[in-house]
Amino acid sequence: MQLPVIYYGSNDPHVLARILRAGSLACLYQAGALRQISAGDTEILRMIYPAIRDQNWGTVRGTISGEQIEEHEDSFSIRYDCRYSEGDIDYHSSVRIIGAKDNSLIFSMKGRALSSFQKNRVGLNILHPIRECAGRMCKVITHDGREYGAEFPVDISPLQPMKNIRSLSWTPGGDSHAFLELS
């Protein structure tokens, strides 16, 4: 196995990460994704990133263009376009990420299919950190307003432990409380 694959997961040239702050939150921005979103020593989310998955769950690589990063001491904004083109898939998205001094992050993606294609997923992926979430309880509010408690899974499973999520709240550790709203 080649060193880039061992260190970075692919043979693509490594893109340096940039540390950004949103109030007391810190995160890494790298190649269109937010990584290691943390409050102090507590990781809140592992990663938020846009992805296109083909009919076989293969990830279609995107090409970022027009990237604009505006950074302040305790806030930031990022804009970019991304084109996903592989086989019969041709998809364009515009992404906006805002980190505000009130400790909030907004990650939005608007896209348009430029061809007809089969897919398994088009949209944002949100990864939770293992240490801070596995086995912990969270509260789910569904799109129709129902509320239920759920547990973050300890083991990797093909089953979806939570469905129809409008919002999710949990305590990843310490004094940190996390709230995630999907729309």
Near the amide H of E67, under 5 Å away, which other amide H atoms are found, from residues 5 or more places off or on another chain, if H is placed in the peptide plane? D81
Could you work out the relative contact order of segment 76-144? I mean the mean sequence separation of Cα pairs under 8 Å and 6+ apart, divided by the number of residues, in percent. 24
What accessible area per residue comes out for the chain, rounded to a whole number of Å², with a 1.4 Å probe? 63
Take the Cα atoms of segment 1-150, find their three principal axes, and give me the spread along each one in whole Å, biggest first. 42, 39, 34
In square angstrom, rounded to the nearest 10, how much accessible surface does H72 have for a 1.4 Å probe? 100
Placing one equal point scatterer on each C-alpha of segment 67-150 and summing with Debye, one gets log10 I(q)/I(0) at q = 0.20 Å⁻¹ equal to -1.05
Computing the accessible area with a 1.4 Å probe over protein heavy atoms, can you report the carbon and sulfur percentage for the chain? 49
Calculate for the chain the 222 nm mean residue ellipticity that helices alone would give, adding -39,500 (n - 2.57) per DSSP H run of length 4 or more and normalising by residue count, nearest 500 deg cm²/dmol. -1000 deg cm²/dmol
Measure of exposure for M109: accessible area at 1.4 Å probe, Å² rounded to 10, is 40
Kirkwood-Stokes translational diffusion coefficient of segment 116-183, alpha-carbon pairs, 25 °C, 0.890 mPa s, µm²/s: 183
Per DSSP, loop trypsin sites (Lys or Arg not before Pro) in segment 106-180 with at most 16 further Cβ within 10 Å: R136, R146, K163
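The values are calculated or read from the model by the stated rules, or taken from the named source; none is laboratory data. Every value quoted in this text rests on a predicted model; they were computed, and no experiment measured them. All Cβ positions, glycine included, derive from the backbone under ideal geometry; neighbour counts span all protein chains shown. These area figures cover heavy atoms from the full protein model, side chains too; ligands, DNA and RNA do not enter into them. Shrake-Rupley method; radii C 1.70, N 1.55, O 1.52, S 1.80 Å.
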